[in-house]
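Here the structure comes first, spelled out in structure tokens, and everything after it is commentary.
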There are 2 protein chains.
Amino acid sequence: MSLPQPILITDADDPRIAEFRNIRERDLVGRQAGFIAEGTVVLRLLAAAHNRLNPSFVAEKILLLENRVDGVSDILKLFPEDVPVYVASAAVLDAIAGFHLHRGVLALGRRVTMPTAQDLLRNVSAPGLIAIACGISNHDNIGSMFRNAAAFGAAAVLLDETCCDPLYRKALRVSVGSVLTVPFARGGTADDLLRTVAGEGFDIWALSPRGTADVRDIPAGGRIALVTGTEGTGLPQDILSRFRTASIPQRPGLDSLNAATATGIALYEIARRQGLV
Amino acid sequence: MSLPQPILITDADDPRIAEFRNIRERDLVGRQAGFIAEGTVVLRLLAAAHNRLNPSFVAEKILLLENRVDGVSDILKLFPEDVPVYVASAAVLDAIAGFHLHRGVLALGRRVTMPTAQDLLRNVSAPGLIAIACGISNHDNIGSMFRNAAAFGAAAVLLDETCCDPLYRKALRVSVGSVLTVPFARGGTADDLLRTVAGEGFDIWALSPRGTADVRDIPAGGRIALVTGTEGTGLPQDILSRFRTASIPQRPGLDSLNAATATGIALYEIARRQGLV
């Protein structure tokens, strides 16, 4: 595909780039339509996602700092020609975004398919691995969990309704775009979600500093679902008492590991045993 | 020790709390004297550090939102009585800090001892483990590395001169105070630092996505120094070619793991083999 002619935007109130206005405020209240992809790494993965057969994500439009166009032209060529590319000066771009946007690379993406947890679970074959997060409301942690899930071959990530949106700009950036590559579903209570996962025959393991098994002793084979809870309080006791639990050995008397790091270590251990890496 | 009488501050320009003024601006330019500890978790570890024999860190003063005093009184009792506790209303506190400080718990700490890398290395017995970071300039990553080092029993963290300051407010917070518990030294080029470490007889392993050994196959015993480089470019080639290298198995074709997560996984593997956890 050839590089489309970029369209110069000279007015921050131009309706063609309205979705990029006041990015941070919209981050806080949530977007009705689409998500913001920021930076070249995420842009490249958005292009890859868009070009798949039956894509899960597509790009709607791209907005660049004018002096970044040449540097990302190889990525721009990957998008279909009907995805408009807008460019603006630093002053106009900052006026649009509402803050100084030093990366200068933005795209508006849209999620096209909304698979249910059950859809995703039925696509996982043995030996397999999925990650489930309950109550992870920190965007850094959600982003890191997707990055780790991608690194260790998790087939899907399931988020309960109390997790934050992984398509939020910062989570997507921290995930280095993995949110666009690892299939995910979000919604329902932790209880409902785990009932669905159990009903599909997965081996459910809840990760907790109080877990009884060593994470290294999780039996390989089958399809394993690793469940992580919030930092601080962790998974609720009723979940820990209903499922098998595992912990990561660490020095006593400390705050437990960060939730995303702990998930990464557990995914790493399970992925090795499942032959996924 | 009994709880000292808190001193009410009603004027953001009061010289007694001058070090807390415009916290974010000072974060950017660096502080001449002391560091800012923020939040109850870090405050508790600062108290523990202060009370050690020959402490490495002491508290100079504490500044609290007035309605937080009762909630942290058990921590305040741990500080010597000559550490003043100042309190302020939300409006005054925000005017002091220069932004809305929703945690409302601050302390000014000071590093008392400045051990050299050699001092720290000579204190490590076998089987032992230390973490070395070269060029980690992201405060989240530095904080996470200390948290992981603490969790997996690293005896010290050494930072080359291009690493950022782990006592920076955000790094300290992300470390959940581990910067105050894991001995560290910072300075010198990566080359000089690694020469010192090699001279002290440590087994040096450089962590890299291009590493030749599997991180699980690092031989146990002795004193192991794990070296991590920057995200993105990683360790420079001349370091990778001079020392043994190890990698973490992961799915091909992806951005490598986050530097702090990769360090965490490698420390976890080595700590297990060294019997540290």
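A few points about this structure:
- Our summary of shape: the Cα atoms of the protein assembly as shown have principal axis extents of 68, 56, 53 Å, ordered from largest down, in whole angstrom.
- Modelled FRET efficiency - R0 25 Å, A:N67 with B:E25, Cβ distances, 0.05 increments: 0.30
- This model, with +1 at the C-beta of Lys and Arg and -1 at the C-beta of Asp and Glu, gives the protein assembly as shown a dipole about its Cα centre of some 1120 debye.
- Here the dipole of chain B is about 560 debye; that uses its Cα centre as origin and unit charges on the Cβ of Lys and Arg (positive) and Asp and Glu (negative).
- Gyration tensor verdict on the stretch A:62-185 (Cα atoms; rounded if a/c is under 1.5, prolate if a/b is larger than b/c, oblate otherwise): prolate
- Sites B:A18 and B:E81 - FRET efficiency at Förster radius 35 Å, r taken between beta-carbons, to 0.05: 0.95
- Computed over protein heavy atoms with a 1.4 Å probe, the accessible surface of the protein assembly as shown works out to 41 Å² per residue.
- Residues in the stretch B:227-237 carry Karplus couplings, in order, of 10, 10, x, 5, 5, x, 6, x, 6, x, 4 Hz; the curve used is 6.51 cos²θ - 1.76 cosθ + 1.60 with θ = phi - 60°, and Gly or Pro positions show x.
- Added length on full extension, which subtracts the Cα-Cα distance from 0.36 nm per residue, A:T189 to A:Q118: 24.1 nm
- Selection of trypsin sites (Lys or Arg not before Pro), the stretch B:210-277, meeting DSSP coil and at most 16 other Cβ within 10 Å: B:R210
- Chain A packed on chain B takes about 2500 Å² of accessible surface away from a 1.4 Å probe, both sides summed.
- Qualifying chymotrypsin sites (Phe, Trp or Tyr not before Pro) for the stretch A:48-106 [loop in DSSP, other Cβ within 10 Å: at most 12]: A:F99
- Protein accessible area in the stretch B:111-179, 1.4 Å probe - carbon and sulfur %: 46 percent
- In the stretch A:236-257, the residues that give up 30 Å² or more of accessible area when the other protein chains are added, compared with the chain on its own (1.4 Å probe), are A:P249, A:Q250, A:R251, A:L254, A:D255, A:L257.
- Extending 7 Å from Cα along the Cβ direction at B:V277 and again at B:R251 yields two label points whose distance is 2.4 nm.
- Antiparallel DSSP beta bridges within chain A, as percent of all bridges there, nearest 5: 30 percent
- Amide H contacts under 5 Å for A:R223, placed H, 5+ residues apart: A:G128, A:D203
- Cα gyration tensor, chain B - rounded (a/c under 1.5), prolate or oblate: prolate
- Of all DSSP beta bridges confined to the protein assembly as shown, the antiparallel ones make up roughly 30%.
- Cross-link table A:K61/B:K170; A:K77/B:K170; A:K77/A:K170; A:K170/B:K77, entries beyond 29 Å C-alpha to C-alpha: A:K61/B:K170; A:K77/B:K170; A:K170/B:K77
- Summarising the strand pairing of the stretch A:7-111, around 65 percent of its internal DSSP beta bridges are antiparallel.
- Taking all pairs of distinct alpha-carbon atoms in the stretch A:124-201, Kirkwood radius in angstrom: 12.4 Å
- Contact order normalised by residue count of the stretch B:7-111, Cα under 8 Å, 6+ apart, percent: 45 percent
- Sites matching chymotrypsin sites (Phe, Trp or Tyr not before Pro) across the stretch B:128-206 that sit in DSSP coil, with at most 13 neighbouring C-beta atoms within 10 Å: none
- By definition, a body whose alpha carbon gyration tensor gives a ≥ b ≥ c is oblate when a/c is 1.5 or more and a/b is not larger than b/c, and the stretch B:7-111 fits this oblate description.
The values are calculated or read from the model by the stated rules, or taken from the named source; none is laboratory data. Since we're looking at a predicted model, the values are computed, not measured. Backbone-built Cβ (ideal geometry, glycine too); neighbour counts: all protein chains shown. Areas reflect the complete protein model, heavy atoms only, side chains present, ligands, DNA and RNA absent. Shrake-Rupley method; radii C 1.70, N 1.55, O 1.52, S 1.80 Å.
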